[in-house]
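The values are calculated or read from the model by the stated rules, or taken from the named source; none is laboratory data. All values derive from a computational prediction rather than experimental measurement. Cβ coordinates were reconstructed from backbone atoms using ideal geometry, including for glycine residues, and neighbour counts include every protein chain displayed. For the accessible areas, the whole protein counts, side chains as well, though only heavy atoms, and no ligand, DNA or RNA atoms are used. Shrake-Rupley method; radii C 1.70, N 1.55, O 1.52, S 1.80 Å.
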Amino acid sequence: MNWVLDNLPLIADRTWAHLATSLPAILAALVISVPLGWLAHRYRILNGPVLTGAGLMYAIPSLPLFIVLPVLIGTGVRDVVNVVVALTLYGVALLVRSVADGLDGVPPEARGAAVALGYPPLRRFLTVDLPLAGPVILSGLRVVAVSTVSLCTVGAVLGIPSLGLLFTDGFQRGILAEILTGIVLTVVLALALDRLLVVLGRLAMPWTRAEAGA
Amino acid sequence: MNQLWEAVLWCLDPAHWTGPSGIAARSLEHLGYTLLAVVIAAAIAVPIGWWVGHTGRGRGAAVALSGAARALPTLGVLTLTALLLGIGLAGPMTAFVILAVPSILAAAYAGFEAVDRRVIDAARAQGYTGAQVLWQIEVPLGLPVLVGGLRSAALQVVATATLAAYVGAGGLGRYLFLGLKTQDYAMMLGSSLLVVVLALVLDGVFALAGRAAVPRGVTVARRGVNA
């Protein structure tokens, strides 16, 4: 406990760096997955390749990816951009399936009704398909948020700032409290983000509130 | 791209493959860690998961545990066990097992839950005992899902085993961290590629195993429906 009290500024610093790395990755994953998931849902031919690609992507271990990426995108090995891009790729790999599944689950009646009412395709997608697929996408996004916050720490072995630096520093200097602080904070951050998404989901999709309460 | 080529050359150099710290030995070591960890984790998680799935008891706890485990940072667990258990394989292996248990546990009970209740009711109506329902219905029908859980656990351990070189374990991560320390980018990148290949091969093997684990009756029935 003393270690925590003595190092509050350091901990705040690491937490901030952690959020600054993981939040953009989660957002980017969502933004990229929606059109990609739509393609997989809309065009059957793309369904297999997109989902297989996503599965293979997810099988690639994070640290090697952090090291291979710089060669492909022209960054330095210790650049935080590598971590953001890698985490985005993992997020997309998970979310694309949720988006495709969610859109697959939209009742054809609802879609047909929108078409009959004269909704143009984009408006139908944004106001009918996407909201109805929302709960499935949200559950995927929650998994992405939690695993992104957790994976973000791996960059620490390359010296990239995050709560993970508490692990490497604690290990090198033999400070158990530092490692424990890092683990607790990472888990708390992940679970807090998960709760936040649940709340945002209820605000954005009020009709799911009744089901969630049941 | 030039760097990528140099990394591939590093991987292909026969001189790097032999000896006790050659690529062949390190790959086997990496694979050995993974298999051992998955076997130990399965020995712990499968009986518990089956018990939860069969009786329905403790389901809430199992769901909470496997959900919360996703938030657990692998590097944190690894450095914690290394610091507590000291140098040697005990620390990293403990971390691997801790990280592999949740997905196997979740898959073990989820596989049972995916079994059609009517199949179990039919078996009971025919006089199957609880043990017969377990071994002749739930276990074989839940097997494909369980293999899926073993697959994620194995991939999780392959990734964590790479990190384990940071706390002194062997495996392919050794080259990665050595390359990082000596600024040998070809070695670092080459070993990263080797880990990626190892992970993808393992993923493929488990995908095939998952397909083989589907009982023949189920595939016949499914084909019958489609026809």
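The table below lists the values:
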quantity: Mean Cα-pair separation over length for chain B, i.e. relative contact order, pairs under 8 Å, 6 or more apart, %; calculated: 27 percent
quantity: Average partner coverage of B:148-160, which counts Cβ from other chains inside 10 Å; calculated: 2
quantity: Value of [θ]222 nm, deg cm²/dmol, for the protein assembly as shown, DSSP H segments ≥ 4, -39500 (n - 2.57) each, nearest 500; calculated: -26500 deg cm²/dmol
quantity: Helical segments meeting 20 Å axial Cα length and Kyte-Doolittle -0.5 threshold in chain B (DSSP H); calculated: B:23-55, B:90-113, B:139-164, B:185-212
quantity: For residues of A:67-77, the mean tally of beta carbons on other chains within 10 Å; calculated: 4
quantity: Exercise: per-residue mean of other protein chain Cβ atoms within 10 Å, A:174-185; calculated: 3
quantity: Protection-proxy order for peptides B:62-75, B:116-129, each taking the mean of Cβ atoms within 10 Å per residue, highest first; calculated: B:62-75, B:116-129
quantity: Rounded tilt (10° steps) of A:176-204 against the dominant C-alpha axis of chain A; calculated: 20 degrees
quantity: Accessible carbon and sulfur surface of region B:2-226 relative to its total accessible area, %, 1.4 Å; calculated: 67 percent
quantity: Accessible heavy-atom area order of A:139, B:192, highest first, probe of 1.4 Å; calculated: A:139, B:192
